[in-house]
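The structure appears right after this line, and notes come after that.
The values are calculated or read from the model by the stated rules, or taken from the named source; none is laboratory data. Nothing here was measured: the structure is a model prediction, and the numbers come from that model. Using ideal geometry, Cβ is built from the backbone for each residue, glycine included, and neighbour counts are taken over all protein chains shown.
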Amino acid sequence: MSDNINRIIVSNSNQLAEKGAKMFCEIAKKSISDRGRFVVAVSGGSTPRAMHVRLSQDPYISDAFWQNTHIFWVDERMVDFAHPDSNFGTARKDLLGKIPIPVNHIYPMPVMIHPKEGAELYQMTLKTFFQSIGQDDPVFDLILLGIGTDGHTASLFPEQAFTYSNQSWVISVKGGHPNVFRLTLTYVVLNRARHILFLVSGKDKALIVKSLFEDNTVDLPAKNIRPLRGTLTWLLDQEAASQLF
Ligand code: 6PG
């Protein structure tokens, strides 16, 4: 992995949530002051949950930036939003149901639809949104990512090599845990972001983190996250970073 990245190591998962929320807020405010809006895509899984909860508390909840924030999803499991595996459903519980964000600024991925059609529909949602703000390319202000113990990120899995070369903005795949159909943004979109922030917590991530940073012989989806122009920050807690040299 290239050295041209920021790596921040904090002491524990609480600090990770605290620092993640602070960075989210700083990037939101800067984006709004530069361009009038903040466009973010969030991931699912367990790691971002504490940060989402933190963002739903003071000082963040009472901040004005939510009015100009637009929230999209990096990936989604194609289950009902009420299902515990739903990324949108979980974010709704932890964050969306509490913050003062206009409801038409929230763009969940469609799940009650054929996976391929869902991917096309979300790609259309992205195209329409970005064109409405004068951008032909999908340039997010911030994309939040996690990593699985197998090196997947978003829902781009190591065993699905075709996803590496796919030029669509959104694709449907089946895999992961839970092993269901999913929709995911592709590298084409992810690598265009102005800021990419990985959140990684816990000792079960220590080996994959080591292999990401210190083993050039393995190719993993998370290694393909190389922003074309933006910044890439890895925010790790000490357990996740414990095997690093
Ligand atoms: C998903 C995710 C996925 C996640 C990693 C880490 O919906 O499955 O977006 O890419 O970020 O698997 O998940 P954990 O935080 O649960 O370890």
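Things worth noting here:
- Within the range 143-158, considering residues that are outside any strand (DSSP E or B) and closer than 12 Å to residue 47 by Cα, the one farthest from the ligand (Cβ to nearest atom): 147
Listed here are the residues, each with its yes/no results for (1) more than 19 Å from the chain's Cα centre (by Cα); (2) aliphatic (A, V, I, L, M); (3) surrounded by 17 or more Cβ atoms within 10 Å (Cβ to Cβ).
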| position | (1), (2), (3) |
| --- | --- |
| 80 | yes, no, no |
| 84 | no, no, no |
| 89 | no, no, yes |
| 96 | no, yes, yes |
| 114 | yes, no, no |
| 118 | no, no, yes |
| 127 | no, no, no |
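- Of all residues in the range 104-142, those being of a type in the set (Ser, Thr, Tyr) and within 16 Å of the ligand (Cβ to nearest atom) number 2.
- Considering residues of the range 173-195 that are touching a Gly at 6+ places or on another chain (Cβ under 6 Å) and over 18 Å from residue 84 (Cα atoms) only, the residue surrounded by the fewest Cβ atoms within 10 Å (Cβ to Cβ): 194
- Qualifying residue in the range 135-158 (condition: modelled with pLDDT of 95 or more, hydrophobic (A, V, I, L, M, F, W, C) and more than 29 Å from residue 202 (Cα to Cα)): yes
- The single condition among (1) more than 12 Å from the ligand (Cβ to nearest atom); (2) without any contact (Cβ under 8 Å) to a residue 40 or more places away in the chain; (3) part of a helix (DSSP H, G or I) that residue 89 does not meet is (1).
- Of the residues making up the range 159-175, those that are within 16 Å of the ligand (Cβ to nearest atom) and not in a helix (DSSP H, G or I) number 8.
- Every test in (1) more than 25 Å from residue 234 (Cα to Cα); (2) within 16 Å of the ligand (Cβ to nearest atom); (3) in contact with a helix residue (DSSP H, G or I) (Cβ under 7 Å, 6 or more places away or on another chain) is passed by residue 179 save one, and that test is (3).
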